[in-house]
Structures are given as structure tokens and as C-alpha cells.
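Working notes, beginning with the structure itself.
The values are calculated or read from the model by the stated rules, or taken from the named source; none is laboratory data. Note that the coordinates shown come from a computational prediction; the quantities given were computed from them, not determined experimentally. A quick note on method: Cβ atoms are made from the backbone with ideal geometry, for glycine too, and the neighbour counts reach across all protein chains shown. Calculation scope for accessible area: heavy atoms of the full protein, side chains included, ligands and nucleic acids excluded. Shrake-Rupley method; radii C 1.70, N 1.55, O 1.52, S 1.80 Å.
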Amino acid sequence: MRLAIVTELRGSPDEGMRIFVRQVREALGSHHDVVQITPRGDERVAALNPKLAWRLSRLGPDAILYVPYSGLTAKSLLRLRVLSALTPRAATAICVLQADDRPLGPPGPLRPDIALYASDRLRRAVGGLAEREAVVLPAIDHTRFRPLSGDRDELRRELGLPTDKPIALHVGHLKASRNLELLGDVASDGNCHVVLVASTSTEPDAALRRRLETAGVTVVRRFLPNVEATYQAADLYVFPVEHARGSIEVPLSVLEARACGLPVIATRFGALPDLFADDDGVAWSEPERMRREIARHLHRPPVSPPDAIRSLTLERIRRDVELALTPPIRRGRALTVAITGVDGAGKSTQIERLRSQLDRRGIDAEVLWCRWDPFLAKPAIKLLDALSSRRSSNPNRSAASAAEDRAVTRRGLRRRLLANPLINTGWRWTMVVDYALRIAPRVRRARARRQVLLLDRYWHDVLVDLSFGQELGKMPAIVNRVLPDVDALVVLDVDEAVAHARKPESFDPLYLTDRRRLYREVEARHGAVTIDAGREVDEVANDLTAVLERLMGLDEGALSAS
């Protein structure tokens with residue numbers, strides 16, 4: 001894949017955007033042809049620069065990833081539309097690293113092909129922006145940002161930091177929108193030293209700096225090649241930002257602090273509550289209560305980084321961006337998978353888990369329930385039920401025994417009736433009209449508008465219904481012509497005793513035993529993939545996900561990664 005990353009981040013107010021662009025370039029650079037282009041001139045009209053048009057036309061990228069300086073706005077979508085006009089064959093993607101929570105409105109003709117969001121919270125807040133949407137979290141260099149293994153006081157002396165009091169740290173831009181006046185209030189309390197490592201990529205707010213330094217805050221504004229040592233030397237990290245434009249959606253400084261084992265006091269900014277929902281190393285606080293919370297946590301020992309931090313790697317970025325930009329399936333002909341098996345196998349549960357995974361990875365999926373729901377055949381079925389109840393009625397039997405008697409009687413009647421060639425032919429044609437002609441339009445419509453279609457049961461289940469009590473039959477040829485083929489058939493196989501224990505109200509074990517036999521015949525005849533569904537739910541889900549990943553040509557774990 002040839003990828004052009006177009007960005008105007010020369011003077012972006014947030015270093016996090018530039019770091020993210022660098023991470024995407026590094027993550028994909030070893031596997032793809034990646035070129036970063038920074039148009040010259042005013043950011044607002046840089047996309048109109050003739051030199052940019054010439055360079056893009058010569059490059060001929062397969063995809064354009066646009067990272068706007070302004071975040072998600074109508075103007076940034078318009079600039080992306082201009083870029084797409086320059087390379088009409090390339091897929092267009094916008095990177096949404098920050099955005100106000102207020103709705104943008106339908107993008108209409110400005111709709112991009114792909115939207116990459118910095119968090120799932122942001123995707124939920126402004127989703128529906130593009131045809132395909134995915135979440136791409138930033139990476140952490142775990143070889144640099146890790147808990148301190150030596151003596152903290154010695155490290156402080158090496159860095160020229162005081163050792164007589166705890167240190168509260170903040171790293172970021174020195175600007176008013178980050179609510180940094182609070183650091184001055186904390187410093188004036190005298191309980192700790194407050195250190196602010198200010199970014200050198202933007203001009204600081206001079207008046208704010210004077211106020212902070214007057215209050216006792218140590219402001220360090222120079223390039224620190226080993227900034228991780230400053231995290232390791234501190235006792236507490238403070239993140240007081242509230243304004244949506246005060247930081248990118250996932251503040252890198254908070255991630256780096258937790259990677260170093262540093263406890264954090266933070267506002268519920270952006271995606272932080274989602275990322276650190278179960279992390280006891282992060283305490284949430286409103287700004288007006290933060291001074292008190294800081295005093296409470298100053299002497300807290302380091303807290304190990306959570307799994308959410310350890311999973312943030314360049315490899316994850318590569319996998320997520322590749323999956324979003326080069327989906328193996330396209331609209332117009334969805335990858336179609338039918339999942340079937342006896343009652344109690346957990347089909348609906350597993351299908352919903354799989355649909356959620358696809359949704360999180362930005363793949364448009366739909367689930368259709370395709371078991372036969374009789375309409376024309378309903379009178380015949382009611383008559384069969386009534387005859388079964390009458391022939392098996394015995395006032396001395398328990399309710400459970402009576403239900404089992406009715407099931408046995410019903411099966412016997414059904415078998416004898418279908419042995420009549422005339423009735424058998426009529427029943428099969430009723431099934432063709434009642435099932436195939438009703439289901440086929442739904443399946444075809446869904447295949448045309450989705451990327452993946454998951455069928456909860458399909459005609460194979462109808463075949464098992466028709467064949468109960470005998471060898472597996474054949475579907476009428478017209479059914480196979482009317483109903484679309486599936487790309488894969490998956491049978492969830494479970495011991496009949498386990499299935500009956502899961503759904504004791506459904507059918508008796510004898511019924512389940514014979515249906516299980518028929519599903520095994522379906523597997524042999526139609527090349528189904530069989531998964532042992534008698535195990536733990538997560539184990540079954542992993543096997544089912546692996547089947548879909550193979551069908552889609554994805555790396556193992558591409559869908560299951562959270």
C-alpha cells in the first residue's frame with residue numbers, strides 16, 4: 001500500500017498530534033510505502049497549493065490520511081474533499097484526534113471514506129462521519145517509559161530536583177486553556193514541589209509563566225531528551241485540563257506517567273475514563289477539589305502500569321490502520337457467514353460478540369436471524385400440535401412427562417405424515433414459498449449494503465428440521481438457486497446433555513441427540529467448520545473470531561484485539 005500522510009502540523013498547538021503522525025509513519029513504514037507531505041503556506045488554504053496537487057498526482061497513493069491542524073471541523077472536511085479531487089482513485093481518511101462534543105452535522109458531500117478516531121469515546125460522540133470508522137490509540141515506547149528501578153533521590157539529584165519534599169509533575173504546553181493556574185495554587189500550599197515541563201514546540205503564555213513561577217512552580221522549558229527520567233523522579237502526576245481543545249483526546253503525558261508507574265490525579269478528560277476505568281493508579285477529581293486530592297496522594301508509592309498501557313504499541317497502530325485503510329471486504333458483496341447448531345449451543349451470544357468486535361474495528365456488519373418463522377405453514381403446525389396434545393393426554397402424568405410425551409407423539413405423527421409423497425411434496429413447496437422467498441430479499445439487501453453479514457441460522461437448519469428422524473435429505477434445487485450462497489458455514493457443536501442443561505425448556509435430550517447427528521452430516525456434506533461450543537464462552541469466541549480472520553485474510557488477533 002502506498003500511503004500519503006498530509007498534515008499542516010507545522011505550528012500545531014499540540015505536540016501530541018505530531019507525535020501521533022510520527023508513530024503512524026514509523027508503524028507502517030517497514031511494511032508499506034509511506035510519504036508524509038506538509039503543504040506550504042497558510043494552513044487554511046494549504047490544500048489548494050498547486051505544488052501539492054503535482055506531488056500527489058506523481059505519488060499516486062492508494063490512500064490519503066489527512067491530519068488537520070484544526071481537528072474535526074467542516075473546513076477540515078472540505079480540505080480533505082479537495083485532496084480527494086486531486087487523487088480520485090485514492091481512499092480518503094481523516095484522523096480525528098480531538099473534536100468538540102457538539103455535533104458537526106451530516107457531512108453530506110464532504111463525507112470521507114474512512115475516519116480514524118483517537119478513542120472509542122470520540123467515535124461514539126461524533127460517529128457516522130465516514131463509511132468506515134476505526135479507533136487508533138497512540139503508542140508508548142515501553143523501553144523508555146517504565147517504572148524506576150534505582151534510587152529516586154539519587155535520580156533527583158542528577159536532574160537538579162529537590163529531595164526534601166514530594167514532587168507533583170505536569171508535562172505539556174504552557175497555555176491558559178490547560179487550567180494550569182491550579183499548579184500555582186498547589187505550589188503555594190507548601191506541601192510539595194511542583195514541576196512543570198513546558199513544551200518547546202509552541203510559544204508559552206508569558207503572563208501565565210510569571211504567575212506560576214511567582215507562586216513557586218519550577219518551570220522547565222527546554223528540550224529534555226530523557227523526559228522519562230523526570231516522570232520517574234516525581235511522586236505524582238497532575239492533569240487539570242478541562243477544555244476540549246486543551247489537549248488531544250488521549251493525552252500522551254498521562255499515558256507516559258502511568259507507564260512509569262506514577263500515580264495520577266486527573267480530570268475526566270476525553271478518553272481517560274475509558275482507558276483507565278479499572279486502574280487504581282488514577283484518581284479522578286474536579287479542579288476545585290484537586291488540591292485536596294493531591295495532598296492525599298502525595299506519599300502514595302508507585303503503582304504498576306495497567307494492561308491498557310502495556311497494549312499500546314506501534315504494532316497495534318500498524319494493525320489498526322492497515323485494517324481501516326485496506327479492508328479485505330467491500331460494500332456491494334458482503335462476506336457472508338452462517339452460524340448454526342443445536343439449541344443451547346450459544347449461537348446468538350457468539351454472533352453478538354463477533355458483531356461487536358467488527359464494529360470496534362470499523363467494519364460494517366449486520367446480523368440476520370434466518371430460521372424458518374412459519375407463516376403459510378402455521379395452520380398445519382398448529383393442527384399437528386393439537387393432535388399431539390390430544391393423543392398424549394394423560395391426567396396422571398407430571399408436567400415434564402406430559403411435555404416429553406407430546407414431543408414423542410408429535411415426532412411420530414410428523415414422520416408418518418411426511419412419509420406420504422403428496423403431503424411431503426406439498427410441505428416442501430410450502431417451505432420454498434414460506435421460507436426461501438421471504439428470506440432471500442433480506443439477505444441480498446444486507447449483502448449489498450454491508451461489509452460482513454452474519455446469519456443466525458440459515459437453510460441448513462431448515463434441512464435439519466425436514467430430515468429429523470431419518471437421514472439428512474436434500475433441499476429442493478430451487479431453494480439453493482433463490483437463496484444466496486454463504487462464504488462459510490460454522491456449526492457450533494455441543495453435547496446434547498449440555499445443550500439441554502442450558503435450555504431445559506426447549507426440547508428433550510432425544511430430540512437434541514438426533515439433531516446433533518444431522519448437523520454432523522451437514523458438516524460433512526457442505527464443508528462446514530465445526531467448533532466445540534461446550535467450552536467456556538471466551539474460548540468459543542476466540543475460535544469463531546479466528547475463522548473470520550482467516551476468511552478476511554487478516555493477521556491473527558486483528559479482530560480480537562481490544
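In this structure residue 82 has an accessible area near 40 Å², from a 1.4 Å probe over the protein heavy atoms.
A simple rule links phi to the HN-Hα coupling: the Karplus curve 6.51 cos²θ - 1.76 cosθ + 1.60 with θ = phi - 60°, which for segment 173-184 gives 6, 8, 9, 5, 5, 9, 6, 7, 4, 4, 5, x Hz, with x for Gly and Pro. Checking every one of the trypsin sites (Lys or Arg not before Pro) in segment 13-97 against DSSP loop status and a limit of 13 other Cβ atoms within 10 Å picks out 40, 44, 89.
Accessible surface calculations at 1.4 Å, restricted to protein heavy atoms, place segment 434-475 at 35 Å² per residue.
Report note on the peptides 219-228, 164-173: ranked by the mean count of other C-beta atoms within 10 Å, highest first, their order is 164-173, 219-228.
Test of understanding: what is the full-extension gain from residue 51 to residue 18, defined as 0.36 nm times their sequence separation minus their Cα-Cα distance?
9.6 nm is the gain from fully extending residue 51 to residue 18.
Averaging the sequence gap over all C-alpha pairs within less than 8 Å and six or more residues apart, then dividing by the number of residues, gives segment 444-562 a relative contact order of 23 percent.
Just the number, please: carbon plus sulfur as a percent of the accessible area of segment 90-203, 1.4 Å probe, no ligands or DNA/RNA counted.
47
Classify segment 133-222 as rounded, prolate or oblate from the Cα gyration tensor: take a ≥ b ≥ c as the square roots of its eigenvalues, call it rounded if a/c is under 1.5, otherwise prolate when a/b beats b/c and oblate if not. Cα axes put segment 133-222 in the oblate bin. Taking the inverse of the mean 1/r over every pair of distinct Cα atoms in segment 126-182 gives a Kirkwood hydrodynamic radius of 16.2 Å. Listed by chain and number, the aspartates and glutamates placed with their C-alpha closer than 18 angstrom to that of residue 165 are 151, 153, 154, 185, 189, 213, 235, 293; residues fewer than eight positions away on the same chain are left out. Quick check: from the Cα gyration tensor, does segment 265-331 come out rounded (a/c under 1.5), prolate or oblate? It comes out prolate by the Cα gyration axes. For a straight C-alpha distance cut-off of 13 angstrom, the aspartates and glutamates reachable from residue 474 (same-chain residues fewer than eight places away being disregarded) are 461, 465, 521. Under 20 Å of direct C-alpha separation, and excluding same-chain neighbours fewer than eight residues apart, residue 75 reaches these aspartates and glutamates: 8, 14, 42, 43, 100, 101, 113, 131, 133, 249.
Of the solvent-accessible surface of segment 444-562, computed with a 1.4 Å probe over protein heavy atoms with every protein chain present, carbon and sulfur atoms account for 49 percent.
Once the C-beta distance of residue 480 and residue 313 is scaled by a Förster radius of 35 Å, the resulting FRET efficiency is 0.15 to the nearest 0.05. Accessible area per residue was computed with a 1.4 Å probe on protein heavy atoms; residue 292 scores about 140 Å².
Given a 1.4 Å probe and the protein chains as shown, residue 430 ends up with an accessible area of around 40 Å². Packing-based ranking of 233-240, 130-137 yields 233-240, 130-137, ordered from highest to lowest mean Cβ neighbour count within 10 Å.
Per residue, the accessible area of segment 212-273 comes to 29 Å² when a 1.4 Å probe rolls over the protein heavy atoms. Calculated on the alpha-carbon coordinates, the convex hull of segment 52-189 measures out at 191 cubic angstrom per residue.
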